Amino acid sequence: HNGIKISYLEQEPFLEETSTVWEIALQSHQQILEIDRELRQIEQKLSLPEYYEDESRLTRLLNRQEKLLHQFEELGGFNYESRVESTLRDFGFQPVHYSLAVDQLSGGQKKLLAVAQLMLGNPDVLLLDEPDNHLDIEGKDLLQRFINRFPGTVILVTHDRYLLDLVVDEIAELEGG
């Protein structure tokens, strides 16, 4: 279908090693961040005489602001940071972890952060390649609960039969290409 958003988790996801957990999660929905950035620019312009003293420029600016605010609301921008925090908590991260650089995380924490990042982008379909690699028992439990609660479609590649038994409705075995 047109408009379906697909997100892909690589077997070894790339996360910028010097970025913090919070920065990685916050960057998940670029459209929200871009709209927020433009709204801040508009706010600054509204205080400038060349805009508030020129009725046509002011009208154009206010119309653009109104359109952006509507998009921002539709995308969930007004509660985005609280959704980021809630999602991070769902994947086992506490506020004390938010300032940690990615290179300070375990392999399992990196994998869970990558899954959280995908979720924050509001995908309709998830393609997960060996998502349980590097996860301990607690991490696998978090992953299993996440997959079972995900409202969209999940296509999962794994060798973990136990995980498959817990989360899948159908299995396709591919062999020899």
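The values are calculated or read from the model by the stated rules, or taken from the named source; none is laboratory data. None of these values were measured; they are calculated from a predicted model. Note that each Cβ is placed from the backbone with ideal geometry, even for glycine, and that neighbours are counted across all protein chains shown. Accessible surface areas use protein heavy atoms only, side chains included; no ligands, DNA or RNA. Shrake-Rupley method; radii C 1.70, N 1.55, O 1.52, S 1.80 Å.
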Restricting to segment 109-141, name every residue that is closer than 18 Å to TYR162 by Cα and part of a helix (DSSP H, G or I). ILE137, GLU138, GLY139, LYS140, ASP141
When segment 100-109 is checked residue by residue, the ones that are within 19 Å of the chain's Cα centre (by Cα) and either surrounded by 21 or more Cβ atoms within 10 Å (Cβ to Cβ) or of a type in the set (Ser, Thr, Tyr) (or both) are GLN109
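For (1) of a type in the set (A, V, I, L, M); (2) modelled with pLDDT of 90 or more, each residue gets a yes or a no:
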position	(1), (2)
ILE42	yes, yes
TYR52	no, no
SER56	no, yes
ARG60	no, yes
LYS67	no, yes
HIS70	no, yes
LEU75	yes, no
PHE78	no, yes
Any residue that is in contact with a helix residue (DSSP H, G or I) (Cβ under 8 Å, 6 or more places away or on another chain) and modelled with pLDDT under 90 - is there at least one of those in segment 123-140? yes
Restricting to segment 144-164, count the residues that are assigned to a helix (DSSP H, G or I) and surrounded by 10 or more Cβ atoms within 10 Å (Cβ to Cβ). 8
Cβ pairs under 9 Å, 6+ apart, first in segment 88-106 and without any contact (Cβ under 8 Å) to a residue 40 or more places away in the chain, second exposed (fewer than 15 other Cβ atoms within 10 Å of the Cβ) and assigned to a loop (DSSP other than H, G, I, E, B): SER106/ASP136
For segment 65-99, how many residues meet the condition of being in contact with an Asp or Glu (Cβ under 8 Å, 6 or more places away or on another chain) and either of a type in the set (A, V, I, L, M, F, W, C) or open to solvent by 80 Å² or more (accessible area, probe 1.4 Å) (or both)? 2
How do the helices (runs of 4 or more DSSP H) wholly within segment 1-95 filter down when requiring 1 or more residues that are under 30 Å from ASN148 (Cβ atoms): which remain? 21-26, 30-46, 55-74, 80-90
Residues that are open to solvent by less than 80 Å² (accessible area, probe 1.4 Å) and either farther than 21 Å from ARG83 by Cα or free of Cβ contacts under 8 Å to residues at least 12 places away in the same chain (or both), drawn from segment 12-22: PRO13, GLU17
Residue in segment 108-116 that is in contact with a strand residue (DSSP E or B) (Cβ under 8 Å, 6 or more places away or on another chain), among the polar types (S, T, N, Q) and farther than 15 Å from TYR8 by Cβ present: no
